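Structure record follows, encoded as structure tokens.
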Amino acid sequence: MEPDSPTPIYPMSRLLSVAVLSLGFALLAGGCANLEADKTANWTVEHFLAEGRSNLQDGKWEEAITTYQKLLGRYPFGSHAEQAQLDIAYAYYKNGERPLAVATADRFIQMHPTHPRVDYAYYLKGLAGFQPPSGIFSRITGDSPSERDISPVREAFDAYRELINRFPDSHYAPDARERLVHIINVLAMHEVNIARYYYSRGAFVAAVNRAKRVLEIYQSSAVVEHALGVMLDAYRKMGFADLRADTARVLKLNYPGSRYLN
């Protein structure tokens, strides 16, 4: 049997040389890292703003966010910091990070309620908050309409409404009004879908009550006809002839060609 190879014994001087060399590499690596981390150490406010704008123009959303965050860390006060907060919210929105965009815009609104550009913060909060409900998603998951979270849509509704009420002459108000109409239709259709869900489960009273919410809250929406249709069918199922007749009259008066009257 071959004997074990002996453990090599190095002279102390060689061991010290290796240790010193290793330490030198470590210090060199650390120095490079510090140089990399400190590349903005001498940047002025103007340099940060120019870099951030350049990143936004080039669609480099993450780089823009990082640049503006460094600006806020270095120069946290002043009009440049307020603009940086808005630009961060916009970059989050464009980068698909909608919750962060909403939170950043909302924080700006809370901190600067009288800022000259707070109307833009409301507008951006609405943009980032509204995502149309996905029919494909519900078919895959099998969730019921009542289980879907549309709170971001409601938050967008509130943001646009606040923008229009507080700043009716804002540059963003016309577009906010158009988007608000669409959001109202989405929220109303959500109520109709819940009503239909209850109807399909035989919960006719619940279906009627949910459909009535559309008439009471979203009477200007384009889906009132569908809400009346649910009520018409539910009253028929429950045998409420008078209520069904009243609903039919309202439906015929407002939607004479409605398919629900057939």
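The values are calculated or read from the model by the stated rules, or taken from the named source; none is laboratory data. As the structure is a computational prediction, the values presented were derived from the model and not from experiment. Every residue, glycine as well, gets a Cβ built from its backbone with ideal geometry; the counts of neighbours run over all protein chains shown.
Which members of segment 147-199 meet the condition of being under 19 Å from the mean Cα position of the chain (by Cα) and either at positive phi or not in a helix (DSSP H, G or I) (or both)? Arg148, Asp149, Ile150, Tyr172, listed by residue number. Kindly provide the set of residues from segment 240-261 that are surrounded by 16 or more Cβ atoms within 10 Å (Cβ to Cβ) and within 17 Å of Gln219 (Cβ to Cβ), ordered by number. Within segment 240-261, Thr247, Leu251, Tyr255, Ser258 qualify. Here is the figure for segment 109-144: residues that are among the charged types (D, E, K, R) and modelled with pLDDT under 95 total 2. Can you find even one residue in segment 224-239 that is exposed (fewer than 15 other Cβ atoms within 10 Å of the Cβ), without any contact (Cβ under 8 Å) to a residue 40 or more places away in the chain, in a helix (DSSP H, G or I) and touching a helix residue (DSSP H, G or I) at 6+ places or on another chain (Cβ under 8 Å)? The answer is yes, given that some residue of segment 224-239 is exposed (fewer than 15 other Cβ atoms within 10 Å of the Cβ), without any contact (Cβ under 8 Å) to a residue 40 or more places away in the chain, in a helix (DSSP H, G or I) and touching a helix residue (DSSP H, G or I) at 6+ places or on another chain (Cβ under 8 Å). A search for C-beta distances below 6 Å between a residue of segment 167-186 that is of a type in the set (Ser, Thr, Tyr) and any residue that is buried (at least 19 other Cβ atoms within 10 Å of the Cβ), counting only pairs 6+ apart in sequence or on different chains, returns Ser170/Asp119; Tyr172/Asp119; Tyr172/Tyr123. In the condition set (1) part of a helix (DSSP H, G or I); (2) within 30 Å of Gly129 (Cβ to Cβ), Ser220 is compliant with all but (1). From the list Glu97, Glu82, Glu51, the one residue that fits, being modelled with pLDDT of 95 or more and within 11 Å of the chain's Cα centre (by Cα), is Glu97. Listed by position, the helices (runs of 4 or more DSSP H) contained in segment 40-113 that have at least 1 residues being in contact with a Gly (Cβ under 7 Å, 6 or more places away or on another chain) and farther than 18 Å from Leu124 by Cβ are 61-74. The combined condition, being of a type in the set (S, T, N, Q), out of contact with any His (no Cβ under 9 Å at 6 or more places or on another chain), exposed (fewer than 15 other Cβ atoms within 10 Å of the Cβ) and without any contact (Cβ under 8 Å) to a residue 60 or more places away in the chain, is fulfilled by Gln57.
For Leu243, indicate whether it is within 23 Å of Ile184 (Cα to Cα) and modelled with pLDDT of 95 or more. Taking the combined requirement at face value, the residue does not satisfy it.
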